[in-house]
Every structure is written in C-alpha cells, then in structure tokens.
1. Regarding Gln209, is this residue modelled with pLDDT under 70 and open to solvent by 60 Å² or more (accessible area, probe 1.4 Å)?
2. (1) modelled with pLDDT under 80; (2) open to solvent by 50 Å² or more (accessible area, probe 1.4 Å); (3) within 21 Å of Pro225 (Cβ to Cβ): which one isn't true of Leu202, the others all being true?
3. Could you list, in sequence order, all residues of the stretch 123-138 that are open to solvent by 10 Å² or more (accessible area, probe 1.4 Å) and in contact (Cβ under 8 Å) with a residue 24 or more places away in the chain?
4. Which pairs do you get when a residue that is of a type in the set (Phe, Trp, Tyr), found in the stretch 139-158, comes within reach of a residue that is open to solvent by 10 Å² or more (accessible area, probe 1.4 Å), reach meaning Cβ atoms under 6 angstrom, with the pair 6+ apart or on two chains?
5. Within the stretch 216-232, take every residue that is in a helix (DSSP H, G or I) and buried (at least 20 other Cβ atoms within 10 Å of the Cβ) and give me the one that is nearest to the chain's Cα centre (by Cα).
6. Which residues, counting only those in the stretch 71-93, are out of contact with any Lys or Arg (no Cβ under 8 Å at 6 or more places or on another chain) and open to solvent by less than 10 Å² (accessible area, probe 1.4 Å)?
7. Within the stretch 14-32, count every residue that is open to solvent by 40 Å² or more (accessible area, probe 1.4 Å), modelled with pLDDT under 90 and not in a helix (DSSP H, G or I).
8. Read through the list (1) modelled with pLDDT of 90 or more; (2) crowded, with 21+ Cβ neighbours inside 10 Å, then give the number of the only condition that Thr55 fails.
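The values are calculated or read from the model by the stated rules, or taken from the named source; none is laboratory data. Everything numeric in this text was worked out from a predicted model, so none of it was measured. As a convention, Cβ positions derive from the backbone with ideal geometry for all residues, glycine included, and neighbour counts pool all protein chains shown. Remember, those area values only see protein heavy atoms, side chains included, never the ligands or the DNA or RNA. Shrake-Rupley method; radii C 1.70, N 1.55, O 1.52, S 1.80 Å.
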Amino acid sequence: MGTKAIEPQSIRNVTIIGDPDETTRIVHGLFRRFAKTGSGTAATAHWVTGHVDHTIRIAELSSRAPIASLERSIRLADGVIAVVNAAEKSAPRLETILRVADDHQIARLCLVTGLDHPAADFDRCVRTIADTHGAVPLTLQIPHGIGTEFEGVIDLVPMWALEPMAVEFYGSHWKVAEEWYRNLVDTVMEQDAADSDDILGLREIPPEQLHERVRCLTRIGDAAPVLCDAGPWSDTAPLLDAIVRYLPSPMHVCQPEHALDY
C-alpha cells in the first residue's frame, strides 16, 4: 500500500505548554475520539475542518522546563498553545512563554483551564495575557458561570446563529456573552467600525469573515485567541478547529523546515 502524500498547507505543528498534568490531560482529551499515533510527548491526528483534512502534530512541553529549553521549543514551533490556569493569581512562567513567543513572532492560542475552581478568575487571565505582550487577546469563548457555578463554555462566534435558543438557554449570561462578542467584533473588524456599532450588523457578520480576520491577526502576532477548557467533559472540537483555523502551516512561517522537526 502506498504512502498518502500530505499537503504541507494542511499541516499544523503545535506545542502545548503548561503544567505537565494539565497538558497531558488536554492532549489525551484531544485524541480520545480517534486513534493516537506517535509516542511520548508528541502525537499526530487527522482532523477535518471546512471539508479539508488536516494533519495536526502536537507536542507537550512542561512550563517548568529550563528557560533555555522553553525558548528553543517555542522558537521551533509553528504555533503554541499556552495553558492558563484561572485559579493562579500569579503566572510568571506564562508571562515568560508569551514573551518568548512574541520575541520570535510565533503564533499562539491561549487555553484557560481551572474554571471550576473556587478561586477561578477568567477576567484576570485575559488581563494577564493583554498585559504580558503586544498581542491583543481575542476572547472566542467565555465560561458559563465561574468557580462553583461553572456550567460549561459559551462559544461566542457560532452562538449568534442560535440566538433565540441561546438567549433562553444562557439566561442572565446572555448579556455578558453579547458584550464579549461585541468587544471581539470591535477588535477584529476595525475596518468596519460602522457595522460593529449596530447590533443588527453584529448578527449579520458571517462567521467565516470573523474566522478569517482572527486568522490574519493571529498569524502576524497581533492577536492571541483565548479559548476555555471545560474539564474532563470538554468538547475538544472547538480547540481542534481553532488550531486548524488560526495557527499557521509550515508554509506560512519563516522556516518551512519546521515541518521536519516533529
């Protein structure tokens, strides 16, 4: 049987960086729906987004690793997922990871975990990301409740297609979600400020248009999409879709040979 050729533009080489227990849980969650290939701290999976099959190569890296190892791994990655613990008041290693990624112009996503912890503070996480480096945090998901009242995740971009149902389902959280969505649109659609001032305009913006703007801003290092982890029961599809949609292929980074580093 012949070997299937992989289109380079469909490859995503991603390094997940954070507490070892957290990164291992996240990677296991990502691969639970299909057979995992690879071993140790790296694995490969195939994921379809937009009717296109993609090859996602994921490596784990402990945020406790020596600074030199962190810097080298981040520099060689095509994209980074920084794991942010919502219960931690101080995250110096997270700040280091984001600064190194910014220095080397590495595209990054931020995944907020620990949202069910009594000390969880989602807003603080977003502020930390914003204050640490030049990239603007783009909040694509927010928690539905926080701490002991955490019930899941609200996915801001697709929720507008289900607005009547979503208003009833999310109750008092709907107004909060609407405000976060408006802020997201204001940030990524600065060229269309007139539309973003009108709620009808917000509803009419196609999700594909938002995805494209987020992709462009992320790949040039001007933005860092923020997603939420719902714990053991988390739906991994939004994170896999975000990896494919927003992080670059080896063909879109300065060193295409990165594809051979995994």
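1. Spelling it out, it is not the case that Gln209 is modelled with pLDDT under 70 and open to solvent by 60 Å² or more (accessible area, probe 1.4 Å).
2. Among (1) modelled with pLDDT under 80; (2) open to solvent by 50 Å² or more (accessible area, probe 1.4 Å); (3) within 21 Å of Pro225 (Cβ to Cβ), the lone unmet condition for Leu202 is (2).
3. The answer is Arg124, Val126, Thr128, Thr132, His133, Gly134, Val136, Pro137.
4. Listed by first residue and then by second, the contacts come to Phe150/Asp116; Phe150/Pro143.
5. So in the stretch 216-232, the residues in a helix (DSSP H, G or I) come out as 216-219, 231-232.
The next check asks that each one be buried (at least 20 other Cβ atoms within 10 Å of the Cβ); those that pass are 217-218.
Details: Leu217: 13, Thr218: 10 Å.
Per the stated criteria, the residue is Thr218.
6. Residues satisfying the conditions are Ile74, Ala77, Val84.
7. 1
8. Condition (2) is where Thr55 drops out.
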